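S.K.: Can you keep this structure in mind? I'll have questions shortly.
The values are calculated or read from the model by the stated rules, or taken from the named source; none is laboratory data. Computed from a predicted model, the values in this text were never measured in an experiment. Because the Cβ atoms are built from the backbone with ideal geometry, glycine has one as well, and the counts that use them run over all protein chains shown.
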Amino acid sequence: MTTKPNRATLDSKPAENVNPRVLIDLDGVVRDFVGSLIKVYNRIHPDHEVLPVNSRRLEDFFPLGEGIYKFMEPGYIEEIIQDARPYPGAMEALNRWKMDFDIVIVTAQPEISKASTYIWIGKHDVPTNEVHISYTKHFIDGCALLDDFTDNLEDFADTGRLGVCLDQPWNQSWKGPRVKTVDEFFRLVQSHLYREQIQRIDHSKTV
């Protein structure tokens, strides 16, 4: 028998989350933006050949050149963003680890894709209570960041925290920690936090 929610349960304040905060990027990490862009582009320009994308310079891979950025303006951007698929296993990993970590979504979005990004998060029921649309992710509180953009990772690592790269063809210059999947990221962070805890215990014994 399912208990129907009442006003008392809807208004009740949840317990404070004391789990470690981890910052998770969307595009190139959870959401396959490039794959969705190519899918929409190929439908509109079936006679064009799109090259494999291995850098953030999209104009190098689409026959439109610089025109690819105009293609991503209102008219197509809504479909590109809202209909993009999650990477295989990404949502499963977020849901698997949501009881162990406070998952914070951090994503850099231009004005034209902000609303569609919120729609996508709701559509896929992303397990988070906090979303930041920001180009300065290193200012956001969290013990670790999973991202596909090396500039974000460098800025975050410079604060002394753990920046982890989700392996993509366009981020091979990153020399720091790298994972193939979202699930691997959570396991790496868990191991990292455990080592930090052991180090604190060992240090307290010597004081």
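S.K.: How many of the residues making up segment 69-97 are without any contact (Cβ under 8 Å) to a residue 60 or more places away in the chain, part of a loop (DSSP other than H, G, I, E, B) and under 30 Å from ARG187 (Cβ atoms)?
M.R.: Within segment 69-97, the subset without any contact (Cβ under 8 Å) to a residue 60 or more places away in the chain is 69-86, 88, 95.
From the residues that got through so far, the ones that are part of a loop (DSSP other than H, G, I, E, B) too are 72-76, 83-85, 88.
Checking which are under 30 Å from ARG187 (Cβ atoms) leaves us with 84-85, 88.
Selection size over segment 69-97: 3.
S.K.: Looking at GLU49, GLU66, GLU92, which one is surrounded by 13 or more Cβ atoms within 10 Å (Cβ to Cβ) and charged (D, E, K, R)?
M.R.: Numbers: GLU49 fails: surrounded by 13 or more Cβ atoms within 10 Å (Cβ to Cβ); GLU66 fails: surrounded by 13 or more Cβ atoms within 10 Å (Cβ to Cβ).
Unique residue meeting the criteria: GLU92.
S.K.: Taking segment 69-89, which residues are among the hydroxyl-bearing types (Ser, Thr, Tyr) and surrounded by fewer than 16 Cβ atoms within 10 Å (Cβ to Cβ)?
M.R.: Within segment 69-89, the first condition is being among the hydroxyl-bearing types (Ser, Thr, Tyr), and the residues that meet it are 69, 76, 87.
Passing the criteria: only TYR69.
S.K.: Assuming LEU26 fulfils every condition listed in (1) assigned by TED's automatic domain parsing to the domain that holds TRP174; (2) over 21 Å from ASN171 (Cα atoms) apart from one, which condition is it?
M.R.: In the conditions (1) assigned by TED's automatic domain parsing to the domain that holds TRP174; (2) over 21 Å from ASN171 (Cα atoms), LEU26 misses (2) alone.
S.K.: What helices (runs of 4 or more DSSP H) completely inside segment 98-207 contain at least 1 residues that are more than 22 Å from LEU37 (Cβ to Cβ) and modelled with pLDDT of 95 or more? Give the steps one after another, and end with the answer.
M.R.: On the way: elements: 111-123, 150-157, 182-206.
Fully inside segment 98-207 and qualifying: 150-157, 182-206.
S.K.: Given the structure, is VAL18 loosely packed, with under 14 Cβ neighbours inside 10 Å and of a type in the set (A, V, I, L, M, F, W, C)? Working first, answer last.
M.R.: Working: loosely packed, with under 14 Cβ neighbours inside 10 Å: yes; of a type in the set (A, V, I, L, M, F, W, C): yes.
In short, yes.
S.K.: Determine if segment 143-153 includes at least one residue that is under 19 Å from the mean Cα position of the chain (by Cα), more than 19 Å from ARG56 (Cβ to Cβ) and not assigned by TED's automatic domain parsing to the domain that holds PHE61.
M.R.: Pass one, segment 143-153, residues under 19 Å from the mean Cα position of the chain (by Cα): 143-153.
Now narrow it down to the ones that are more than 19 Å from ARG56 (Cβ to Cβ): 143-144.
Going one step further and asking which of them are not assigned by TED's automatic domain parsing to the domain that holds PHE61, we end up with 143-144.
Yes, there is a match, as at least one residue in segment 143-153 is under 19 Å from the mean Cα position of the chain (by Cα), more than 19 Å from ARG56 (Cβ to Cβ) and not assigned by TED's automatic domain parsing to the domain that holds PHE61.
S.K.: Considering every residue within segment 40-53, establish whether at least one is among the β-branched types (Val, Ile, Thr), part of a loop (DSSP other than H, G, I, E, B), at pLDDT 95 or above and more than 23 Å from the chain's Cα centre (by Cα).
M.R.: Initial filter on segment 40-53 (among the β-branched types (Val, Ile, Thr)): 40, 44, 50, 53.
Next, only the ones that are part of a loop (DSSP other than H, G, I, E, B) stay: 50, 53.
Still in the running and at pLDDT 95 or above: 50, 53.
Now restrict to residues that are more than 23 Å from the chain's Cα centre (by Cα): 50.
Among the residues of segment 40-53, at least one is among the β-branched types (Val, Ile, Thr), part of a loop (DSSP other than H, G, I, E, B), at pLDDT 95 or above and more than 23 Å from the chain's Cα centre (by Cα), which makes the answer yes.
S.K.: Then there's this: Of the conditions (1) over 13 Å from the mean Cα position of the chain (by Cα); (2) within 23 Å of LEU188 (Cα to Cα), THR128 fails just one. Which one is it?
M.R.: It fails just one condition, (1).
S.K.: State yes or no: is PHE186 more than 21 Å from ASN54 (Cβ to Cβ), in contact with a Leu (Cβ under 7 Å, 6 or more places away or on another chain) and surrounded by 15 or more Cβ atoms within 10 Å (Cβ to Cβ)? Working first, answer last.
M.R.: Details: more than 21 Å from ASN54 (Cβ to Cβ): yes; in contact with a Leu (Cβ under 7 Å, 6 or more places away or on another chain): no; surrounded by 15 or more Cβ atoms within 10 Å (Cβ to Cβ): yes.
It is false that PHE186 is more than 21 Å from ASN54 (Cβ to Cβ), in contact with a Leu (Cβ under 7 Å, 6 or more places away or on another chain) and surrounded by 15 or more Cβ atoms within 10 Å (Cβ to Cβ).
S.K.: While we're on this one: Quickly run through segment 59-68 and pick out the residues that are touching a Phe, Trp or Tyr at 6+ places or on another chain (Cβ under 7 Å) and part of a loop (DSSP other than H, G, I, E, B). Let's see the steps before the verdict.
M.R.: Just the residues of segment 59-68 that are touching a Phe, Trp or Tyr at 6+ places or on another chain (Cβ under 7 Å), to begin with: 62, 64, 68.
Within segment 59-68, PHE62, LEU64 qualify.
S.K.: Can you name the condition, by its number, that GLY160 falls short on among (1) buried (at least 21 other Cβ atoms within 10 Å of the Cβ); (2) at positive phi?
M.R.: GLY160 satisfies every listed condition except (1).
S.K.: Pairs under 6 Å by beta carbon, first residue under 23 Å from ASP183 (Cβ atoms) in segment 124-152, partner buried (at least 21 other Cβ atoms within 10 Å of the Cβ) and among the acidic types (Asp, Glu), six or more apart or different chains?
M.R.: ASP147/ASP25
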